[in-house]
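The values are calculated or read from the model by the stated rules, or taken from the named source; none is laboratory data. Please read these numbers as outputs of a predicted model, since none were measured by experiment. Note that each Cβ is placed from the backbone with ideal geometry, even for glycine, and that neighbours are counted across all protein chains shown. Side chains included, ligands, DNA and RNA excluded: accessible areas come from the protein's heavy atoms. Shrake-Rupley method; radii C 1.70, N 1.55, O 1.52, S 1.80 Å.
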Amino acid sequence: MERDTSSSEVSASHVGRARQRRRPTEVTADGNRTNGPALLVNDQNKYKSMLIRTYSTVWMIGGFVLIVYMGHLYIWAMVVVIQIFMAKELFNLLRKSSEEKQLPGFRLLNWHFFFTAMLFTYGRFLSRQLVNTVTSDHLLYKVVSGLIKYQMFICYFLYIAGFVWFILTLKKKTYKYQFKQYAWTHMILLTVFAQSSFTVANIFEGMFWFLLPASLIVINDIAAYLFGFFLGRTPLIKLSPKKTWEGFIGASVTTIISAFVLANVMGRFQWLTCPRKVRYHFLWNVIDLSTGWLRCDPGPMFKPEHYSLGEWVPKGFPWKEVVLLPVQWHALALGLFASIIAPFGGFFASGFKRAFKIKDFGDSIPGHGGITDRMDCQMVMAVFAYIYHQSFISPQNYSVELILEQILRNLTFEEQKFLYQQLGEIYHGRQLMQS
């Protein structure tokens, strides 16, 4: 009897294992340990995967260039679309079909919190940057101004509504799953919005501060892949077995050089260096989000400076001086971060995927995985670019545009009229003193 029982248990467990099929993107934790490091130089199908990856990369770069040409607002829309795809991929990681069947409409709760967080994040940005709406309709202006004024209260009410919704949907047998989903949703919102909001801020500070950091991450990724593809022999980190020291070092050198060169090229186009500012009209205020070319004073960072080579070059050398932009020296810091620190965002994502035993976050980009697989390093880089710009580049003094924005947003018409009269009297008094 014991022998029959044990044999039946073995067969049952064998059938159970046979029924548990892994998903296409799922991997085993010990896969690389048994077969050794899966370096690209040893991959049998590396040229096929390289062709697929190259094809997808060309399409992504082409689409990205087109969106950049269309202007700031379209880049912002691209960031929003990327956020939606990232949230979708991350939401799906912890979902279980058996529990979802018992909780109809529970998925909508995730997206309720997502769009509430989007309204809060970009509503704050709108209230600071786009409060002066393009309209001469007094009623519409009042409605928009009211929405902006009470934006924080509206977002809080929406969040509380979602919180109450969550409490009312709790079921006895799915408590643990529901609270896990609740915590997971909030972690996703923090990861996606806290970092991507810096990306949007970079866009309106001047497209240069968005485009250069993003380009450096792309260059670093491509260079690391190519150096590892042809020269990679020494594994870099266990979390990502295909990463090699040869790819890491080669990509670092390439990225730093590219940062110095690209800053010189991009810094000569005012359309990339000029921030989107509010233009003021005596009847209404306009925020210019058109696709037209911008014109502005480039500032000292983007004005060429001549450096004499002097005795550094031989007498017959044709160039006696070089022309550089001061921003190129700051670009070296961006390149250094993009090549040394930003890849750890990818390593973090690799460890995260190993924890969930998946190969990629999704399969929306052939040869690359999901959107999240491509945005891991970009998010880290965007935060650094914003903090670096605010700390070392952005002027700390007040501008006329900023003061006018505060006046028009916070003062009533009577208070604005009184301020105008007071300024007129002060100006008239100073003129009399000078005369």
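The single condition among (1) hydroxyl-bearing (Ser, Thr, Tyr); (2) touching a strand residue (DSSP E or B) at 6+ places or on another chain (Cβ under 7 Å); (3) surrounded by fewer than 17 Cβ atoms within 10 Å (Cβ to Cβ) that Thr244 does not satisfy is (3). Restricting the stretch 377-412 to residues that are open to solvent by 90 Å² or more (accessible area, probe 1.4 Å) and not β-branched (Val, Ile, Thr) leaves a set whose member that is modelled with the highest pLDDT is Phe392. May I ask you to list the residues in the stretch 289-334 that are open to solvent by less than 50 Å² (accessible area, probe 1.4 Å), more than 25 Å from Ala214 (Cβ to Cβ) and modelled with pLDDT of 80 or more? Once the filter is applied, which keeps residues that are open to solvent by less than 50 Å² (accessible area, probe 1.4 Å), more than 25 Å from Ala214 (Cβ to Cβ) and modelled with pLDDT of 80 or more, the stretch 289-334 yields only Leu309. If you go through the stretch 406-429 one residue at a time, do you hit one that is outside the structural domain of Phe204 (by the TED database), without any contact (Cβ under 8 Å) to a residue 40 or more places away in the chain, among the small types (Gly, Ala, Ser) and at negative phi? Yes: one or more hits.
Inspect the stretch 369-376 for any residue being open to solvent by less than 90 Å² (accessible area, probe 1.4 Å), farther than 25 Å from Asp297 by Cβ, at pLDDT below 90 and of a type in the set (Lys, Arg) and give the result as yes or no. Yes: the stretch 369-376 contains one or more residues that are open to solvent by less than 90 Å² (accessible area, probe 1.4 Å), farther than 25 Å from Asp297 by Cβ, at pLDDT below 90 and of a type in the set (Lys, Arg). Selection of the stretch 218-254 for residues being hydrophobic (A, V, I, L, M, F, W, C) and assigned to a loop (DSSP other than H, G, I, E, B) yields only Leu239. Filter the stretch 172-217 down to residues that are buried (at least 19 other Cβ atoms within 10 Å of the Cβ), among the β-branched types (Val, Ile, Thr) and within 13 Å of the chain's Cα centre (by Cα) and give me whichever is modelled with the highest pLDDT. Selected residue: Ile217.
Please determine, by comparing only the residues of the stretch 65-77 that are in contact (Cβ under 8 Å) with a residue 12 or more places away in the chain and part of a helix (DSSP H, G or I), which one is most open to solvent (accessible area, probe 1.4 Å).
Keep residues of the stretch 65-77 that are in contact (Cβ under 8 Å) with a residue 12 or more places away in the chain, which gives 68-76.
Now narrow it down to the ones that are part of a helix (DSSP H, G or I): 68-70, 72-76.
On the way: Val68: 14, Tyr69: 132, Met70: 63, His72: 1, Leu73: 74, Tyr74: 103, Ile75: 1, Trp76: 27 Å².
By that ranking, first place goes to Tyr69.
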